[in-house]
Amino acid sequence: MSQADPILFCDHRGEHSAKVLQVLEGLGYRVASSSYLRHSLETMMESSPRLVIVDSLARQGLVEVRALDRARQTASETSHESGTNGVAPTAILIVADEDVPRIGGESALTGGPWDVIRSDAPSEEWRLRIDRLQAGCRQAVDMLDLAHRASHDALTGLLRKDSFQARLSEHFSAAQRHHFEMALVLLDLDDFGIVNKEHNHVVGDRIIQFVGEAIRHSLRTEDVAGRLGGDEFGIILPYTGKSDSTAVVQRVRDAIAKLSGKIPGAETDIKVATSLGFETYNGSDIESLSELRLHAERALRVAKERGGSQGIYFRTIDDSAD
């Protein structure tokens, strides 16, 4: 939160507008104003301001402040799920009069840094509290970055193996409890060992990075992808049955195949292809998560055995033919 970042002043009460704006502009901050809650919430979701100053309509202002708190939590979660990291959370500064202790003790905001200031505070205190919120936002960003690095693969930005397994367990349990459909897709690249042997690991890493991007861009917001090993990947498709899973598998296979050709650092063109195996679950037709994974693994093996560059649904495998 620098002085170049705009501040959203939620002047819902309309009593301190001129005074607060004069102080903030005197300190060099850029300020946008909102006079009612709905507009404030819309502005928060659209522009994610680094600081929101709230002069609440109600004297305690708990309902309004908590609504703003929920809005910044939603904006933060949306940013995280879209892969946007290092973005500071929105800080909230509550303007109060004689009710400062009461607001501070009861609001219990959880969506990010917050503080309370009296409307008649001198400009030096305004700067001090804004600076303190700025430090809190930086600390929150650092914590988010650490958590992201711990759970996500550095090369592809997809979940690491343990984090992917944890999400898979969560989705399986939810599907089992509520009888939701879901699918598990496992894939790895065809003949990737030859790429590393004929070229070098720098080229191999670039291919893995491109594959990660292709997978991510082929999925919906609610889908989950992870890198499970060197050239092995997994995809969780919540609320998805056989037909839609087949479409996703085909889309991922085609997106990866389009990577074929000139790879930076390679002297010759490289064919990039993948084999995929997948299985679905409707909440009751499979006994356990282990069984779901075993089915997807077997389908992946069959895809490899049949020449690769294809996806196989476990329930289409003909046991007698195999």
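Computed from the coordinates by the stated procedures, all read-outs in this text should not be read as laboratory data. Nothing here was measured: the structure is a model prediction, and the numbers come from that model. A quick note on method: Cβ atoms are made from the backbone with ideal geometry, for glycine too, and the neighbour counts reach across all protein chains shown.
Are there any trypsin sites (Lys or Arg not before Pro) in segment 160-227 that are in a DSSP loop and have at most 12 other Cβ atoms within 10 Å? List them by number. Before the final figure, lay out each step's value.
Working: sites: R160, K161, R167, R177, K197, R206, R216, R220, R227; in loops: R160, R220.
The qualifying sites are R220.
Please identify the GluC sites (Glu not before Pro) of segment 157-246 that satisfy two criteria: DSSP loop assignment and at most 16 other Cβ atoms within 10 Å. Which are they? Don't skip to the end; give the middle numbers.
Numbers: sites: E170, E181, E198, E213, E222, E232; in loops: E181, E222.
Taking segment 157-246 and a limit of 16 other Cβ atoms within 10 Å, the loop GluC sites (Glu not before Pro) found are E222.
As a test of the definition: which semi-axes, in Å, follow for segment 225-266 when you take the square root of five times each eigenvalue of its alpha carbon gyration tensor? Largest first, please.
Working: eigenvalues 126, 43, 6 Å².
They are 25, 15, 6 Å, listed largest first.
What is the percent of Cα-Cα separations in segment 193-241 that go past 13 Å? Please list the in-between numbers first.
Working: 726 of 1176 pairs.
Across segment 193-241, Cα pairs with separations above 13 Å total 62 percent.
Going by a ≥ b ≥ c, the root eigenvalues of the Cα gyration tensor, does segment 156-281 fall in the rounded group (a/c under 1.5), the prolate group (a/b larger than b/c) or the oblate group?
Numbers: a/c = 2.78, a/b = 2.06, b/c = 1.35.
In terms of gyration-tensor shape, prolate.
Roughly how many whole Å is it from the C-alpha centroid of segment 155-187 to that of segment 191-219?
For segment 155-187 versus segment 191-219, the Cα centre distance is 23 Å.
Restricting to lysines 8 or more places apart or on different chains, can you count the pairs in segment 161-316 with Cα atoms under 23 Å from each other?
Final tally of qualifying lysine pairs is 10.
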